[in-house]
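Chemist: Below is the structure I would like to discuss, written out as structure tokens.
The values are calculated or read from the model by the stated rules, or taken from the named source; none is laboratory data. Not measured: the values here are computed from a predicted model. Every residue, glycine among them, receives a Cβ derived from its backbone with ideal geometry; neighbour counts consider all protein chains shown. Ligands, DNA and RNA are stripped out before the accessible areas are found, and what is left, the full protein with its side chains, is counted by its heavy atoms. Shrake-Rupley method; radii C 1.70, N 1.55, O 1.52, S 1.80 Å.
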Amino acid sequence: MAGKLCVSVIEARNLQADDFAEKNFYVKLRVASNEVKTDVVKGSLQPKFLKDCRLAVPLPETDTLRIELLQVGPRGDLVVGSDDLRILTITSRGTIVHWFQLRTASRSVSAELCLVLRYLSAGSHRPMSPTYAITARQAKERALEGSAGTQAPSSSAFRDLSSGTAGTSGRATTEKLVNGSGPLHTYGSTAGSPGTAASVSGHPGGARSPSAAGSSSATVGTPRPGNSGPPRRSGRANGDGRGGPTQVPLPLAVLGGMVVGALVYLWKKRPVYYEVQEDDTLCHIASCFKKRVEDVYQKNKALLKNPSRLYPGDRLRIR
């Protein structure tokens, strides 16, 4: 049965671009005869597209999402890399965040592209929860912060993407994303990757070898040649000539703590808004933010003449 695919193109990294062309890139998505393109991002090897797209899916059982990253060239656009995704593998998975490895014709990885995806069936008769919009917004914020730009990709976000079977874990995936423990918070993360402990301690598992421990203790305990006097103290000199740590006056410390506390309080009390997407309902929006429907309605009485009618693009105040 026909449906639609919601895709947010977030960012790309590790691009193997053509050196003879300008560093201008865009993404093209295609399902059957339906095609959309992002805007061209100029002058960056880590372009942030931040584009929301919707594609009609005539036959989700057989249709495929074609993903292409292109570089604008003087004699025509060059395909940096591409990938294919069977729509059937995501029809029951809810909202998904994944780094796709785009490959050249020789099957070598030429780029990585982060997408947020959600499939909505036309015959489900179930309103689409706002999880997709919330997840896409959070992914865009992470991309703008640049916190995941230099980290290694995560394979745990969507390990069974190419399994070819639609599982029944869509609801669980959606709940994890809302609760802040799902794939969104693992994309671009290097926690648990092989070699992390060895890079910290020089030995697998984080344990030092006896030779390393001995050499380390010998280095600490052996004085350097020529340093026969007592060790010097760091810090400013006091009135009597002795060095010591700098102390902050108590009133200043109390005032600083009060300012920090006030800033934290104001940050927690800041207003939070949500932009209504297609097929949203007030009940689903309230449940996603763990609020009562009556409370959300009371805060938006002036905008919502009828609580059962929401219009895409409306900004609802949640807090």
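Chemist: In whole Å, what is the distance between the alpha-carbon centres of region 21-84 and region 277-319?
Modeler: One Cα centre to the other: 34 Å.
Chemist: Show the residues, 5+ positions off or on another chain, whose built amide H is closer than 5 Å to the amide H of ASN24.
Modeler: GLY43, VAL72
Chemist: If the cut-off is 28 Å between C-alpha atoms, which lysines fall inside it for LYS305, apart from same-chain ones fewer than 8 positions away?
Modeler: List returned: LYS269, LYS290, LYS291.
Chemist: Mind checking which lysines have their C-alpha under 19 Å from LYS4, skipping anything on the same chain fewer than 8 residues away?
Modeler: Cα-Cα hits under 19 Å: LYS28, LYS37, LYS51.
Chemist: Taking region 32-120, how much of its Cα-Cα pair set, in percent, is spaced more than 14 angstrom apart? Walk me through the intermediate numbers first.
Modeler: Numbers: 2755 of 3916 pairs.
Here the long-distance tail beyond 14 Å is 70 percent of all Cα pairs in region 32-120.
Chemist: Here's something else I'd like to know. How large is the accessible surface per residue of region 54-123, computed with a 1.4 Å probe and reported in Å² as a whole number?
Modeler: On the way: 2740 Å² over 70 residues.
So region 54-123 comes to 39 Å² accessible per residue, rounded to a whole number.
Chemist: Additional query: Starting from region 19-80, pick out the trypsin sites (Lys or Arg not before Pro) whose DSSP state is loop and whose Cβ has at most 11 other Cβ atoms within 10 Å.
Modeler: Details: sites: LYS23, LYS28, ARG30, LYS37, LYS42, LYS48, LYS51, ARG54, ARG66, ARG75; in loops: LYS23, ARG75.
In loop regions of region 19-80 (DSSP not H, G, I, E or B), the sparsely surrounded trypsin sites (Lys or Arg not before Pro) are ARG75.
Chemist: I need the GluC sites (Glu not before Pro) found in region 25-120, filtered to DSSP loop residues with at most 11 other beta carbons within 10 Å of theirs. Numbers along the way, then the final one.
Modeler: Working: sites: GLU35, GLU61, GLU68, GLU112; in loops: GLU61.
Answer in residue order: GLU61.
Chemist: Follow-up. With a cut-off of at most 10 other beta carbons within 10 Å, and DSSP calling the residue loop, which trypsin sites (Lys or Arg not before Pro) in region 91-125 qualify? Please list them. Write out the running numbers ahead of the final one.
Modeler: On the way: sites: ARG93, ARG103, ARG107, ARG118; in loops: ARG93, ARG107.
Of the trypsin sites (Lys or Arg not before Pro), the ones in loops of region 91-125 whose Cβ has at most 10 other Cβ atoms within 10 Å are ARG107.
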